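The values are calculated or read from the model by the stated rules, or taken from the named source; none is laboratory data. Note that this is a predicted model, so its numbers are computed, not measured. Here Cβ is always computed from backbone atoms with ideal geometry, including for glycine, and neighbour counts include all displayed protein chains. In case anyone asks, the SASA skips ligands and DNA or RNA and just uses the protein heavy atoms, side chains included. Shrake-Rupley method; radii C 1.70, N 1.55, O 1.52, S 1.80 Å.
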Amino acid sequence: MTDTTEPVAAHSVAVLDYGMAGPYAVAFGPGGDLWVTLVNTGELVRRSPDGCERRFTIGERPGQLTVTSEATWCAVTGADRIAIITSDDRLNFIDVPGGPYGIAAVGPDAWVTLMQDNKLAVVGRDGIRSEAAVPLDGAYPAMATPHRDGSVWVSLNQRGALARWDAAGDTALITLPDGAAPVGIAAAGEHVWSADIARGSILRVDGDLHVSDFALAPDSRPHAVIADDTGCWFTEWGANRLGRITAEGDLAEFDLSGIGEEPHGLALDGDGVVWIAFESGVVAGIRP
């Protein structure tokens, strides 16, 4: 990996102020709509490219979300349910006990991590289809991501591992370096990327399941990850930075001071702008 220079100041192209509502996760949908979870008010916001917003009340402590052409899915951790908003704005809830948090769309269904129950659930529009126990006790499954081969990968935050469920339901475990506590996870191309919040590093799993470790500052506490074939973007919650690692392993970091604090979720729009949810109250578009 090429050594990085000192972080440079990030340039914001837009800043959306949500006050004390606590923006947490962001995602883009068809037509360029921006979706934001507001963890302190229990809402899900859809903002269209023309700036019009609609808010949906979905319950206590909404977690991660995923958007398809047919619906937006959000794990509502504090209410033990999944909120589903269809393309015609119908809101429906599916009760999913066990602390739903991470969510990944696979075909017509969503795969949901259940942090408290140590399970992974497959949820359809009509209810829970199946559940699978995580093969390590006390793993605290966090975020989930679909892979191009049809598998689903999950970060096991308290057991320093990633789990892979293939289309047949078989599970494989990928052991990470000692002390790892993965949270964010994203797959693109042949790579799966994960944010190790405890050790301050970004981890990359290659097609042969080899793990590469990209060290950051010890207090960086990286949280969320998004990826494409050229590399990954990630938030550094502890250092208030946005980071980028290329597929070749080159690292760059961007200082978010003056824009917001406590960066969590992030998403990339069609113009190459990285949008970040700051729990301090804003959602900002960053063009590094």
*Enumeration of residues in region 83-130 that are on the phi > 0 side of the Ramachandran plot and either open to solvent by 10 Å² or more (accessible area, probe 1.4 Å) or over 18 Å from the mean Cα position of the chain (by Cα) (or both)*: Asp89, Gly98, Gly107, Asn118, Gly127
*For region 207-238, name all the residues that are in contact (Cβ under 8 Å) with a residue 40 or more places away in the chain, over 17 Å from Ala161 (Cα atoms) and of a type in the set (A, V, I, L, M).*
Ile226, Ala227
*Starting from residues that are in a strand (DSSP E or B) and hydrophobic (A, V, I, L, M, F, W, C), keep the ones in region 247-271 and report whichever is most open to solvent (accessible area, probe 1.4 Å).*
Leu268
_One residue from Ala163, Ala144, Ala132, Ala186 being closer than 22 Å to Gly59 by Cβ, assigned to a strand (DSSP E or B) and among the hydrophobic types (A, V, I, L, M, F, W, C)_ = Ala144
*Of these, Trp165, Trp233, which one is within 20 Å of Ile276 (Cβ to Cβ) and surrounded by 15 or more Cβ atoms within 10 Å (Cβ to Cβ)?*
Trp233
*asked:* I'm trying to understand the selection: among the residues of region 237-288, which are among the charged types (D, E, K, R) and at positive phi?
replied: Glu262
_Please go through region 235-252 and give me each residue that is farther than 23 Å from Leu44 by Cβ and under 19 Å from the mean Cα position of the chain (by Cα), ordered by number._
Glu236, Gly238, Ala239, Asn240, Arg241, Leu242, Gly243, Arg244, Ile245, Thr246
*Which of the residues that make up region 31-66 are under 25 Å from Gly127 (Cα atoms) and touching an Asp or Glu at 6+ places or on another chain (Cβ under 8 Å)?*
Thr37, Val39, Gly42, Val45, Arg46, Arg55, Phe56, Thr57, Ile58, Pro62
*Count, please, the residues in region 272-288 that happen to be outside any strand (DSSP E or B) and either of a type outside the set (Ser, Thr, Tyr) or crowded, with 20+ Cβ neighbours inside 10 Å (or both).*
6
_Of all residues in region 28-82 being basic (Lys, Arg) and either under 21 Å from Leu16 (Cα atoms) or not in a strand (DSSP E or B) (or both), the one that is least open to solvent (accessible area, probe 1.4 Å)_ = Arg46
_Residue check for Arg81: farther than 19 Å from Ala284 by Cα, in contact with a Pro (Cβ under 8 Å, 6 or more places away or on another chain) and among the basic types (Lys, Arg)_ = yes
*Looking only at region 205-225, and only at residues there that are charged (D, E, K, R) and farther than 21 Å from His264 by Cβ, the one that is modelled with the lowest pLDDT*: Asp208
_I'd like to verify a number: residues in region 131-144 that are on the phi > 0 side of the Ramachandran plot and of a type in the set (Asp, Glu), how many?_
0
